[in-house]
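In what follows, a structure is listed as structure tokens, so that the remarks can point back to it.
The values are calculated or read from the model by the stated rules, or taken from the named source; none is laboratory data. Bear in mind the structure is a predicted one, so any value in this text is a computation, not a measurement. Ideal geometry is used to build each Cβ from the backbone, glycine not excepted, and the neighbour counts take in all protein chains shown.
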Amino acid sequence: MNLPGLIAALALSASTADAQKFEGLAMTPPMGWNSWNTFEINIDEELVLGVAKVMKESGMLDAGYNYIVLDDGWMTRERDANGDLVPDPEKFPSGMKHLADTLHQMGFKFGLYNCAGGKTCAGFPGSKGHEYQDARLYARLGIDYLKYDWCDTGTRDAQEAYTTMRDAIYAAGRPMIFSMCEWGTAKPWLWAKDTGHLWRTTGDIIDCYDCETRWSRGWKKIADFQATNEELYKAAGPGHWNDPDMMEVGNPGLTLEDNRAMFSLWCMMAAPLIAGNDVRNMKPEVLEILINKEAIAIDQDPLGKQGWRFYGDPRLEIWVRELSGGDWAVCVMNPSDEARECSVTWEHVGGLLPKKAQIRDIWQKKDLGTTDKLPTVTRKLAPHDVMMFRLNAIK
């Protein structure tokens, strides 16, 4: 190798050795809104600003939903003469930088989508071979969050692909959350702690309870996968989270009970809380679920331990999660399609829970007493409904 080549190789080696993801981000699971579940590629500037306005006025921003992420379809079908991605000028006539600046002024952070393949899932230009160029564009636009999908990747190695994009983001110099949407096929929970801030664990979610298609699953099937995979819940923690996909809360295929149960289990699993509904037209009871600050506090608990299903059968499930300060969260679910009486007896939960604790009912928003005075809670639950408690340890 000649001297210039050797110098270039050493420089590349040094830059690779120094590359990393941006630390200090996503110390609790990210919260926000994503366009895909409801709008797919039918997105534009007016929609985004309308969503942001409602999120701010409704209390969602104050509750923690501060990331607005545009999914697939924000760009034109071809790169420009310089090889850059081009925000669609018909959809975003004021330009993407102006939109980012406007959202920042409103108190939000802004995210975009791309893909590790040659094309995105909807057929727009992917980032394969353009990682550093695209990362520099995102930095210039003021992007705070990149969702990075896995379509049209062929035989590409997932760890190589996501590490390359991680390094490109770091080289661009703007801190942004790196959301890995690889669908769990390469088990990212085993290797991605230092690569991304969150990683998808399954295929796409759809707004149903337990239906399944070739690519998508209902929310309960996704929760069940996470509940039965010990590798998963051991991998989560501050700065690196399992992502069971964006929420379907408020979308047409879910009942009110489904909405409450899904939100509860996402909080129990320390999942990112990324709303996917049309917040401009949601019912008050849906908003009430999304901004329940006590449920959100469980999701955002700084200890960062993911909960798991302690007990499960076709008629009753009990989920538990350790919280900071010796507290625990407990969620009791009726997974059946019939209304049933469901019970939890604190001392039966494996000796995990505090010996004495104040019982706080998260959805009824009231204290029920202490575990020594109320050793069992029994309630009739509608199909798929839950009761959720925070046990505040008494020392």
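Can you tell me which residue among Asp144, Asp157 is surrounded by fewer than 18 Cβ atoms within 10 Å (Cβ to Cβ) and not β-branched (Val, Ile, Thr)?
Exactly one of Asp144, Asp157 is surrounded by fewer than 18 Cβ atoms within 10 Å (Cβ to Cβ) and not β-branched (Val, Ile, Thr), namely Asp157.
If you go through the range 278-295, how many residues are of a type in the set (S, T, N, Q) and either outside any loop (DSSP other than H, G, I, E, B) or crowded, with 24+ Cβ neighbours inside 10 Å (or both)? Spell out how you get there, then give the answer.
Within the range 278-295, the first condition is being of a type in the set (S, T, N, Q), and the residues that meet it are 281, 292.
Among the residues that remain, those that are also either outside any loop (DSSP other than H, G, I, E, B) or crowded, with 24+ Cβ neighbours inside 10 Å (or both) are: 281.
Qualifying residue count for the region: 1.
Hey, Arg174 hits all of (1) out of contact with any helix residue (DSSP H, G or I) (no Cβ under 7 Å at 6 or more places or on another chain); (2) part of a loop (DSSP other than H, G, I, E, B) but one; which does it fall short on?
Here Arg174 clears every test but (1).
Determine whether the range 206-219 contains at least one residue that is in the same structural domain as Lys283 (by TED's automatic domain parsing), among the basic types (Lys, Arg), at pLDDT 95 or above and closer than 23 Å to Lys305 by Cβ.
Taking the range 206-219 as the starting set, the residues that turn out to be in the same structural domain as Lys283 (by TED's automatic domain parsing) are 206-219.
Next cut, among the basic types (Lys, Arg) only: 214, 217.
Remaining after also requiring at pLDDT 95 or above: 217.
Now restrict to residues that are closer than 23 Å to Lys305 by Cβ: none.
The answer is no, given that none of the residues of the range 206-219 is in the same structural domain as Lys283 (by TED's automatic domain parsing), among the basic types (Lys, Arg), at pLDDT 95 or above and closer than 23 Å to Lys305 by Cβ.
Do the conditions hold for Asn259, that is, is it closer than 26 Å to Ile43 by Cβ, in contact with a Gly (Cβ under 7 Å, 6 or more places away or on another chain), polar (S, T, N, Q) and at pLDDT 95 or above?
Answer is yes for this residue.
Might you let me know whether the range 323-335 holds any residue that is of a type in the set (Ser, Thr, Tyr) and either touching an Asp or Glu at 6+ places or on another chain (Cβ under 7 Å) or farther than 18 Å from Tyr209 by Cα (or both)?
yes
Say we look at the range 241-257 and pick out the residues that are buried (at least 23 other Cβ atoms within 10 Å of the Cβ) and charged (D, E, K, R); which of these is nearest to Tyr209 (Cα to Cα)?
Glu248
Of the residues in the range 162-183, how many are closer than 21 Å to Asn34 by Cβ and either over 14 Å from the mean Cα position of the chain (by Cα) or at pLDDT below 95 (or both)?
We begin by selecting, within the range 162-183, every residue closer than 21 Å to Asn34 by Cβ; these are 162, 165-166, 169, 174-183.
Those still in the list that are either over 14 Å from the mean Cα position of the chain (by Cα) or at pLDDT below 95 (or both) too: 162, 165-166, 169, 174-176.
Qualifying residue count for the region: 7.
Which number in (1) touching a Lys or Arg at 6+ places or on another chain (Cβ under 8 Å); (2) surrounded by 23 or more Cβ atoms within 10 Å (Cβ to Cβ); (3) in a loop (DSSP other than H, G, I, E, B) marks the one condition that Leu112 misses?
(3)
Check Ala192, Ala261, Ala223 and return the single one that is crowded, with 22+ Cβ neighbours inside 10 Å, without any contact (Cβ under 8 Å) to a residue 60 or more places away in the chain, in a helix (DSSP H, G or I) and not assigned by TED's automatic domain parsing to the domain that holds Asp367.
Sole residue among the options that is crowded, with 22+ Cβ neighbours inside 10 Å, without any contact (Cβ under 8 Å) to a residue 60 or more places away in the chain, in a helix (DSSP H, G or I) and not assigned by TED's automatic domain parsing to the domain that holds Asp367: Ala223.
When you look at Thr201, is it outside the structural domain of Val386 (by TED's automatic domain parsing), in contact (Cβ under 8 Å) with a residue 40 or more places away in the chain, under 30 Å from Asn334 (Cα atoms) and under 18 Å from the mean Cα position of the chain (by Cα), yes or no?
yes
Residues that are surrounded by 14 or more Cβ atoms within 10 Å (Cβ to Cβ) and under 31 Å from the mean Cα position of the chain (by Cα), at least 2 per element: which strands (runs of 3 or more DSSP E) completely within the range 334-395 meet that?
340-345, 357-361, 376-381, 386-393
Which residues, taken from the range 60-102, are more than 17 Å from Trp33 (Cβ to Cβ) and among the β-branched types (Val, Ile, Thr)?
Listed by number, the residues that qualify are Thr76, Val86.
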